[in-house]
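For reference, the structure is listed below as structure tokens.
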Amino acid sequence: MYAKFHSIGAYVPSKVLSNEDLEKMVETSNEWILKRTGIKERRIAGDNEVTSDMATKASKIAIERAGLEVTDIDLVVCTTVTPDYFNMPATACIISDKLGIKNVQAFDISAACSGFVYALSIAKAFVESGMKKHVLIVGAEKFSSIVDYTDRSTCILFGDGAGAAVISATNDKSEAFIDVHASADGSYADFLVTPAPGSIHPVSQKVIDEGLNFVQMKGNETFKLAVKTLTKDVKNILAKNAINSEDIPHFIPHQANYRIIKAVGDALKMREDQVVVTVHKYGNTSAASIPMAINDIYESGRLKKGELMLLDTFGGGLTWASALLPFAGETL
Ligand code: UT7
């Protein structure tokens, strides 16, 4: 039994937060943000729109595009660092309920921006072992709920959204995953952290006063490590599978900063037409970044059945992951 990437779906909230809007909120400029990050705007969820709402909308599309009913899904994995609740119940349980999926295993994983590729590795293992047939994986973030909109070093970067995929069983090796690699190094845990709430800092007046509930990032250090790690990871997975970078039609890196994407693309000698870029319109949507980018090229007609995708991601933990797989869904 093999696992195949059966379908993709995504949801983006309608509210746009532009660089010009941010100029009115913190000491920054459109020029600085564009030059340092490539981001022009990002989407922000509505006040009453939560992570599971966005995830459910993306999931419905993915299930429909796979030609399945919700009753066919036998595992739901949600990856997010902005769950509906910290930390119980899992957002995956709420998504299942909103979709009408009953009595099916559902759980969340936490791997920050690497979450979607981590979830792919989990889905692959469940499917290849024969335990599950159709796994729904969802990367969804209401990142705006942990952003301090007075901190110019982080508030310009992040956005909200969701992306979902169905990973299904197949006997046809030509449509199967080729490889997935995921790794972590906790010695860099302080590079990207949301200090509270948690067992170290349960909710208290101190947490509120010091803003410990907001994301903190060592931006420049993270940037340098991201370029190095993403490049090395791709080189490894390509070498291991004897594939040349010029033979990859769709290189889909985590969308954190255009300068990171460009540096990694150049180091791998990727042509511009191979590299998928959505960071200018959505910013960094963490676990939703990769599936939203896949959906973007799918809906624009760029991604066709059978074409190879190379996914590469990096995030808090620190975590990183890459995947090499054909798109096995129907061309739109
Ligand atoms: O998704 C997980 C992975 N995340 C990432 O990979 C993010 C990685 N980091 C980055 O994308 C970049 O480091 C940033 C975009 C966050 C920052 O860019 P940078 O080129 O690394 O700038 P910096 O942090 O070294 O700051 C340079 C200057 C500083 O001023 P001084 O100390 O040189 O006077 C900052 O205070 O830019 C200043 N600065 C800003 N200025 C205007 C920082 N943020 C802003 C801002 N507007 N929004």
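Here, each number is a calculation from the coordinates, and none is a lab measurement. All values reported here derive from a predicted model rather than from experimental measurement. No Cβ is skipped: glycine too gets one built from the backbone with ideal geometry, and neighbour counts run over all protein chains shown.
What relative contact order, as a whole-number percentage, does region 179-326 give when Cα pairs under 8 Å and 6 or more residues apart are counted? Provide the component values of the computation, followed by the final result.
Working: 228 pairs, mean separation 49.7, N = 148.
With pairs under 8 Å counted, the relative contact order is 34 percent.
I need the fraction of alpha carbon pairs in the chain separated by more than 27 Å, rounded to a whole percent. Mind showing how you got there, number by number?
Working: 21607 of 54946 pairs.
I get 39 percent for the Cα pairs in the chain exceeding 27 Å.
Along the positive direction of the dipole of region 2-174 (beta-carbon charges: Lys, Arg +1; Asp, Glu -1; about the Cα centre), which of Ala3, Ala123, Ile167 reaches farthest?
Ala3
Report the label-to-label distance for Asp172 and Ala125 in nanometres (one decimal), using points 7 Å from each Cα along the Cα→Cβ vector.
With each label point 7 Å from Cα toward Cβ, the separation is 2.8 nm.
Using only alpha carbon pairs under 8 Å that are at least six residues apart, calculate the relative contact order of the chain and give it in whole percent. Mind showing how you got there, number by number?
Working: 831 pairs, mean separation 87.3, N = 332.
Dividing the mean separation by the residue count of the chain yields 26 percent.
State, as an integer percentage, the relative contact order of region 2-174 based on alpha-carbon contacts under 8 Å between residues 6 or more apart.
Working: 372 pairs, mean separation 61.0, N = 173.
35 percent.
State the extension gain, in nm to one decimal, for the chain segment bounded by Leu308 and Arg36, taking 0.36 nm per residue of separation less the distance between their alpha-carbons.
Extra length from Leu308 to Arg36 when fully extended: 94.9 nm.
Run down the aspartates and glutamates and flag those whose C-alpha is under 17 Å from the C-alpha of Lys142, throwing out any fewer than 8 positions away in its chain.
Glu41, Asp47, Glu49, Asp53, Asp84, Asp108, Asp160
Order 133-146, 234-247, 216-229 from most to least packed using the mean count of other Cβ atoms within 10 Å. Walk me through the numbers on the way to the answer.
Values: 133-146: 27.0, 234-247: 13.9, 216-229: 16.9.
Put in order of decreasing packing, that is 133-146, 216-229, 234-247.
Rounded to the nearest 20 Debye, what is the dipole magnitude of region 2-174 about its Cα centre when Lys and Arg each give +1 and Asp and Glu each give -1 at the C-beta? Write out the running numbers ahead of the final one.
Values: 19 positive and 22 negative charges, 110 e Å.
Result for region 2-174 is approximately 520 debye, rounded to the nearest 20.
Given bins 10 angstrom wide, list per bin the percent of all Cα-Cα distances in region 12-55, short to long.
With 10 Å bins starting at 0, P(r) equals 27, 42, 27, 5.
Given Cβ point charges of +1 (Lys, Arg) and -1 (Asp, Glu) and nothing else, what value in debye, to the nearest 20, does the dipole of the chain about its Cα centre take? The partial results should precede the final answer.
Values: 34 positive and 40 negative charges, 117 e Å.
About 560 debye.
Which of Leu303, Leu230 has the fewest other C-beta atoms within 10 Å, and how do the rest follow up to the most? Each step should come with its number before you reach the end.
On the way: Leu303 22, Leu230 25.
Fewest-to-most ranking of Leu303, Leu230: Leu303, Leu230.
Could you tell me the calculated FRET efficiency between Lys269 and Glu20, based on Cβ-Cβ distance and R0 = 41 angstrom, to the nearest 0.05? Display every interim value, and only then the final one.
Details: r = 36 Å, r/R0 = 0.88.
My answer for the efficiency is 0.70.
Using a 10 Å cut-off on Cβ atoms, rank the peptides 17-30, 199-212 from the highest mean neighbour count down. Intermediate results must be reported in sequence, preceding the final value.
Numbers: 17-30: 14.6, 199-212: 11.6.
Going from most to least packed, we get 17-30, 199-212.
In whole Å, how far is the Cα centre of region 175-213 from that of region 311-332?
Taking the Cα centre of region 311-332 as reference, the centre of region 175-213 is 20 Å away.
Which entries in Lys35/Lys124; Lys60/Lys281; Lys60/Lys173; Lys173/Lys269 show an alpha-carbon gap greater than 31 Å? It would help to have the intermediate numbers written out before the result.
Working: Lys35/Lys124 38 Å; Lys60/Lys281 23 Å; Lys60/Lys173 27 Å; Lys173/Lys269 29 Å.
Flagged as over cut-off: Lys35/Lys124.
Arrange Leu268, Leu308 by Cβ neighbour counts within 10 Å, fewest through most, would you? List each step's numbers first, then the result.
On the way: Leu268 21, Leu308 15.
Final ranking by Cβ density, sparse to dense: Leu308, Leu268.
What is the extension gain from Tyr85 to Val203, computed as 0.36 nm multiplied by their sequence separation minus the C-alpha to C-alpha distance, in nm to one decimal? Spell out each step's value before the answer.
On the way: separation 118, 0.36 × 118 = 42.48 nm, distance 1.34 nm.
Extending this stretch completely gives an extra 41.1 nm.
Just rank Lys304, Lys173, fewest to most, by other beta-carbon atoms within 10 angstrom. Working shown, then result.
Values: Lys304 15, Lys173 9.
Sorted ascending by nearby Cβ count, the order is Lys173, Lys304.
Select from Ala189, Thr313, Leu75 the residue farthest towards the positive end of the dipole of the chain; place +1 on Cβ of Lys and Arg, -1 on Cβ of Asp and Glu, and compute about the Cα centre.
Thr313
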